[in-house]
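Following: one structure in structure tokens, then a few remarks.
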Amino acid sequence: MFQYKTVTGPLPDQARVLVLDDERFDRHRLGRLCAGLKPHFDVSNVASLAELATILEADTFDLIFVDYGLPDGTGLDALELIRLSPRNCTAATILITGMGRDDIAIAAMDAGCSDYIPKETLTKTAFKRAVTNALNHSTSPARSVGVETTGALHNFARACAMDLKPMVSRMLRQIRDLRHDDTGKSGRTAEELENSCNLMWDYLVALQEMEGHPVIRAAESKTAASAVPKPSRPPSPFRRTS
């Protein structure tokens, strides 16, 4: 049986809430449950993945209720849209479903969902517990560190891509020259290609050994107590052996 992870703490004074459900009755029901909580909830509604994608670009939410069964996909698809949204990737999410299945709950949690409630158990008590758990989880220090690390990783990946693109482009041109060479200069082109491969290898090794990047600093701070010696630089598989 799937077990909830409870995060204790008070509800915030106010929150912006989005309800994704294609059933009008269920949207109104969630709205009434929100109104019954002590904080002030500003509730918006959408009925499909297409509407979700549009509103995620326009507004920012603290909490998003996601129905599993949607006309153009599933709640797992919705969680992926939320995770990829620059404005709402840190929003707390609660999956609401008419199917009390552990496999759906586990998949939702693996996708970053804060909580999971089958519709048949959607009581005021269960609702308040889920909302409290989700909102406190979304603002916890551990999640904040995770969000900062994710942003740093995105920036780091973008910078790496900008560096690697010209290297790969140069290698592709050299491979194309080798394929169509009829001038007897293939030896020179092959040497240039090998040099490009060596350059890319050195770049990748430098990334592996790089220190000082915020992502690496965060990882090092978590593993300082159990640090292991840095492995020696691996030999390049592209270099000639004598």
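Listed by first and then second residue, the pairs with beta-carbon distance under 8 Å, at least 6 apart or on different chains, first residue in segment 30-43 and assigned by TED's automatic domain parsing to the domain that holds Val19, second part of a loop (DSSP other than H, G, I, E, B) and acidic (Asp, Glu), are Leu30/Asp21; Pro39/Asp13; His40/Asp13. Would you check which residues across segment 16-35 are acidic (Asp, Glu) and either in a helix (DSSP H, G or I) or buried (at least 17 other Cβ atoms within 10 Å of the Cβ) (or both) and list them? The answer is Asp21, Asp26. Residue under question is Ile94, and the condition is that it be touching a residue at least 12 places away in the same chain (Cβ under 8 Å), in contact with a Ser or Thr (Cβ under 9 Å, 6 or more places away or on another chain) and in the same structural domain as Ser44 (by TED's automatic domain parsing); does it hold? Yes: the conditions hold for Ile94.
Residue count for segment 91-114, restricted to those that are crowded, with 19+ Cβ neighbours inside 10 Å and in contact with a Lys or Arg (Cβ under 8 Å, 6 or more places away or on another chain): 2. Mind listing just one residue for me: the one in segment 75-108 that is in a loop (DSSP other than H, G, I, E, B) and in contact with a helix residue (DSSP H, G or I) (Cβ under 7 Å, 6 or more places away or on another chain) and, of those, nearest to Asp21 (Cα to Cα)? If we take residues in segment 75-108 being in a loop (DSSP other than H, G, I, E, B) and in contact with a helix residue (DSSP H, G or I) (Cβ under 7 Å, 6 or more places away or on another chain), then Gly98 is nearest to Asp21 (Cα to Cα). When Lys119, Lys128 are checked against the criterion of being modelled with pLDDT of 80 or more, touching a Ser or Thr at 6+ places or on another chain (Cβ under 8 Å), surrounded by 13 or more Cβ atoms within 10 Å (Cβ to Cβ) and of a type in the set (Lys, Arg), Lys119 stands alone in meeting it. Answer with yes or no whether Ala35 is in contact with a helix residue (DSSP H, G or I) (Cβ under 9 Å, 6 or more places away or on another chain) and of a type in the set (Gly, Ala, Ser). No: the conditions fail for Ala35. Against the list (1) at pLDDT below 95; (2) crowded, with 19+ Cβ neighbours inside 10 Å, the condition Leu52 fails is (1).
For segment 1-15, the set of residues classified as surrounded by fewer than 17 Cβ atoms within 10 Å (Cβ to Cβ) and either at pLDDT 90 or above or β-branched (Val, Ile, Thr) (or both) consists of Thr6, Thr8, listed by residue number.
The values are calculated or read from the model by the stated rules, or taken from the named source; none is laboratory data. Nothing here was measured: the structure is a model prediction, and the numbers come from that model. All Cβ positions, glycine included, derive from the backbone under ideal geometry; neighbour counts span all protein chains shown.
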